[in-house]
Amino acid sequence: MKITLLAVGTRMPRWVDEAYTDYAKRFGRDITLELKEIKPEKRGGGVTPEKGIAAEHSRLLAAIPPRARLIVLDERGRAYTSVQLADSMKRWLAEGEDLCIVIGGADGLSPELKSRADLLLQLSAMTLPHGMVRVMLAEQLYRAVSILNNHPYHRE
Ligand SMILES: C[S@@+](CC[C@H](N)C(=O)[O-])C[C@H]1O[C@@H](n2cnc3c(N)ncnc32)[C@H](O)[C@@H]1O
């Protein structure tokens, strides 16, 4: 299974890059995690948050791999336990599906993209900075893979 992570934002703080890479490199050959950063639209000079989100929406649409199951990260989305995420990944693996997971930028994502998602996923009921979401998501994906592999990383 190929997991493509589309994240609006470039030039993340070093702690984000280091923590993300630390988890991303743990994935094996059966499940791969690839990060694609989407250039954020610069705000100001007539570019309102709405116009910025619309420009980022077009870039995201162009980057979504065809036929991949679309998961959009959103604080108003559905809450999963780590075991529930692992169960879903097991099903998607069995169905031979690739995943595309989207993280928005500072102003969030377009309503169109959210309504197109196969799953709107919440990591917490609180609003998190997008760099931290990148790290938390990579950790939870790795945890889900560990659960599927009966690896002792995950303990109840
Ligand atoms: C700083 S947040 C944007 C906040 C924006 N006000 C909104 O309504 O989405 C940047 C991105 O991080 C992700 N995000 C932030 N908090 C999250 C949470 N608790 N659960 C899942 N994703 C979250 C979402 O993809 C969001 O678009």
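The label point for Trp15 and the one for Arg59, both projected 7 Å from the Cα toward the Cβ, are 2.5 nm apart. Pairwise Cα separations in the range 26-156 fall into 10 Å bins from 0 onward with the following percentages, short to long: 11, 41, 34, 11, 3, 0. Computed per residue of the chain from DSSP H runs no shorter than four, each worth -39500 (n - 2.57), the mean residue ellipticity at 222 nm is -13000 deg cm²/dmol. Ordered by solvent-accessible area of protein heavy atoms (1.4 Å probe), largest first, the residues Lys25, Lys114 come out as Lys25, Lys114. For the chain, the solvent-accessible area with a 1.4 angstrom probe is 57 square angstrom per residue. Translational diffusion coefficient of the range 41-86 (Stokes-Einstein, Kirkwood radius from Cα pairs, 25 °C, 0.890 mPa s): 184 µm²/s.
When the C-alpha to C-alpha distance is required to be over 22 Å, the pairs from Lys36/Lys114; Lys25/Lys90; Lys39/Lys90; Lys2/Lys51; Lys39/Lys114; Lys2/Lys42 that qualify are Lys39/Lys90; Lys2/Lys51; Lys2/Lys42. Computed from point charges on the beta carbon alone (+1 for Lys and Arg, -1 for Asp and Glu), the dipole magnitude for the range 12-156 about its Cα centre is near 100 Debye. In whole percent, how big is the carbon plus sulfur part of the accessible area of the chain, probe 1.4 Å, protein atoms only? Within the chain, the accessible surface is 51 percent carbon and sulfur.
The values are calculated or read from the model by the stated rules, or taken from the named source; none is laboratory data. Bear in mind that the values here come from a model prediction, so they are computed numbers and not experimental data. With ideal geometry, Cβ positions are generated from the backbone for all residues, glycine too; neighbour counts draw on all protein chains shown. Ligands, DNA and RNA are excluded from the accessible area calculation, which covers all protein heavy atoms including side chains. Shrake-Rupley method; radii C 1.70, N 1.55, O 1.52, S 1.80 Å.
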